[in-house]
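Just below is one structure, and these are the notes that go with it.
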Amino acid sequence: MTKNIAVIRGDGIGPEIVGEALKVLDKVAELYGHTFNYTDVDMGGCAIDKYGDPLPESELKKCIESDSVLLGAVGGDKWNDVPGHMRPEKGLLRLRAGMGVYSNNRPAKIWKQLSAASPLKKSIVDEGIDFIIVRELIGGIYFGEHKTEGDTAIDILKYNEAEIERIGRIGFETAQKRNKKLCSVEKSNVLDSSRLWKKVMHKLAEEYPDVELSDMLVDNCAMQIVKNPSQFDVIVTENMFGDILSDEASMITGSIGMIPSSSLGATSCGLYEPIHGSAPDIAGKDIANPIGTILSAAMMLRFSFDMAKEADAIENAVSAYLDAGYRTGDIMSEGMIKVGCKQCGELIAERIGI
Ligand code: NAD
């Protein structure tokens with residue numbers, strides 16, 4: 001298969017971590033007979049320096065025309081004083097809007113080799129943590145009307161059936177590619193929008209008979225994520241609930257450098273990026289952990305290119321690397337072998353397919 005990937009290296013540690021993810025993708029291409037063509041796209045601070053714009057139209061076009069986008073991270077102190085509309089992060093918002101990605105998918109997975117890094121009790125971690133939160137990204141209370149009248153402030157939470165249905169489909173399809181369990185999270189005991197959410201999810205369930213749908217109130221879900229996270233496979237929820245729950249879920253897994261994410265819209269062209277930022281404090285030192293970006297590339301293969309076995313191969317290689325005792329500084333512990341960013345990428349790439 002041939003796939004065209006837009007590559008945004010970005011700022012800070014971005015170029016370093018993306019370089020390692022490409023190394024891993026190249027190894028997958030070689031072993032599984034695929035061709036990955038990379039098109040470099042300038043976005044963020046580096047684009048401000050080059051064009052005076054964090055994401056010029058010509059760069060956005062390259063992303064929209066690609067089969068998917070792999071992003072490192074953008075931003076840094078150097079651009080702190082530029083006007084708001086010109087900040088590096090504006091490029092990211094423009095990219096998400098331009099690509100029409102309405103679904104943010106963030107896995108919460110604990111690697112057994114790093115279980116000591118979780119703030120949860122060992123007995124809970126030992127049950128396993130491996131689920132994905134599918135969050136609606138461009139609707140709900142963040143995008144409703146906001147106003148303040150005298151001593152009263154109002155924020156409107158609004159969803160229509162079509163908005164719920166399209167994110168619901170992502171939830172069901174994600175579950176189909178995993179363990180076929182979908183938990184729809186809402187607050188239907190109080191909110192009309194949640195009652196509509198629940199109704200649409202159950203109607204959709206008729207089209208996905210292979211997926212087991214359950215409902216959970218958001219307050220209960222917040223408790224269950226720390227009490228019994230192994231019960232979850234895929235959670236689908238609205239924008240604000242997803243924002244809060246996905247941060248809670250990433251905390252229980254340990255290190256920020258390990259977590260990938262994907263954002264998807266109506267087409268298979270997705271945006272894949274680690275959840276961390278450009279880490280200017282460690283940029284250029286070859287000490288960043290590239291695994292969040294490498295796992296983002298694996299998500300791209302699984303969710304945009306339908307390459308499940310290739311994605312499994314990357315995840316297995318990361319696991320084998322951790323088994324062998326290698327650690328970048330952020331996840332280093334006693335008795336382990338300290339490696340840099342480049343070496344981490346190489347050690348994972350050489351474990352693909354073995
Ligand atoms: P950050 O995530 O960049 O860094 C937080 C801490 O985690 C730092 O100590 C950093 O060294 C460490 N860290 C992050 N990623 C790591 C990795 N892969 N390996 C090892 N350690 C890692 O957050 P911040 O310092 O608040 O933000 C720095 C810049 O990144 C800011 O300009 C911010 O706006 C931007 N940012 C960009 C994105 C994005 O591009 N999607 C997301 C968040 C923040």
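In table form, for the structure just shown:
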read-out	value
Choice from Trp197, Trp79, Trp111 showing the highest fluctuation, given a GNM over the chain with Cα pairs closer than 10 Å	Trp79
Alpha-carbon centroid distance for the pair the stretch 309-354 / the stretch 241-286, whole angstrom	18
Calculated FRET efficiency for the pair Glu57/Lys121, C-beta based, R₀ 41 Å, to 0.05	0.20
Whole-angstrom gap from the stretch 76-131 to the stretch 213-239, using each part's C-alpha centre	18
By average C-beta atoms within 10 angstrom, highest first, the peptides 221-233, 65-77, 116-128	65-77, 221-233, 116-128
Shape metrics for the stretch 173-261, restricted to C-alpha atoms - Rg then Dmax, Å	13.4, 39
Dipole axis of the chain (+1 Lys, Arg; -1 Asp, Glu on Cβ), positive-most option in Ile348, Tyr102, His85	Ile348
Relative contact order for the stretch 119-252, counting Cα pairs under 8 Å that sit 6 or more residues apart, in percent	38
Listed residue pairs exceeding 18 Å between alpha carbons, taken from Lys23/Lys342; Lys285/Lys342; Lys158/Lys199; Lys50/Lys342; Lys3/Lys23; Lys50/Lys90	Lys50/Lys342
Positive-end extreme of charge dipole, the chain - chosen from Gly33, Gly329, Gly19 (charges on Cβ)	Gly33
Cα pair count fraction exceeding 24 Å, expressed as % - the stretch 119-252	31
Positive-pole candidate from Gly140, Cys221, Ser194, dipole of the stretch 119-252, charges at beta carbon	Cys221
Given charges at beta-carbon only (K, R positive; D, E negative), |dipole| of the chain in Debye	460
Inter-label distance for Lys199 and Ser230, nm, one decimal - labels placed 7 Å from Cα along Cα-to-Cβ	3.9
Modelled label reach - Glu207, point 7 Å along Cα→Cβ, the stretch 250-269 residues with backbone N closer than 17 Å	265-268
The stretch 305-354: GluC sites (Glu not before Pro) in DSSP coil with no more than 14 other Cβ atoms inside 10 Å	Glu334
Sparsely packed GluC sites (Glu not before Pro) within the stretch 205-269, loop by DSSP, other Cβ within 10 Å at most 11	Glu206, Glu207
Among the listed pairs Lys187/Lys227; Lys121/Lys198; Lys62/Lys338; Lys181/Lys203, those beyond 27 Å (Cα-Cα)	Lys121/Lys198; Lys62/Lys338
Square roots of 5 times each gyration tensor eigenvalue, C-alpha, the chain, largest first, Å	31, 26, 21
Segment Asp40-Ala308, length gained on full extension (0.36 nm per residue, minus Cα span)	93.9 nm
The stretch 119-252, dipole about Cα centre (Lys/Arg Cβ +1, Asp/Glu Cβ -1), debye to the nearest 20	340
Residue with peak Gaussian network fluctuation, the chain [Cα springs, cutoff 10 Å], from Val211, Val18, Val234	Val211
Förster radius 22 Å - calculated FRET efficiency between Lys158 and Leu93 (Cβ-Cβ, nearest 0.05)	0.60
Relative contact order (percent, whole number), the chain, Cα cutoff 8 Å, 6+ residue spacing	22
Modelled FRET efficiency - R0 25 Å, Lys342 with Thr267, Cβ distances, 0.05 increments	0.15
For the stretch 36-94: relative contact order, % (alpha-carbon pairs under 8 angstrom, 6 or more apart)	42
Rounded to whole Å, sorted largest first: equivalent-ellipsoid semi-axes of the stretch 119-159, Cα gyration tensor	39, 15, 5
Stretchable slack from Arg178 to Met1, in nm (0.36 nm times residue separation minus alpha-carbon distance)	61.4 nm
Mean shadow area of the stretch 229-322 over all directions, Cα convex hull, nm²	7.6
Highest-fluctuation residue, Gly19, Gly84, Gly292 considered, GNM on the chain with Cα pairs under 10 Å	Gly84
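Rule-based calculations on the coordinates, nothing more; no lab input. For clarity, every value in this text was computed on a predicted model and none was experimentally measured. Please note: Cβ atoms are built from the backbone with ideal geometry, for glycine as well, and neighbour counts cover all protein chains shown.
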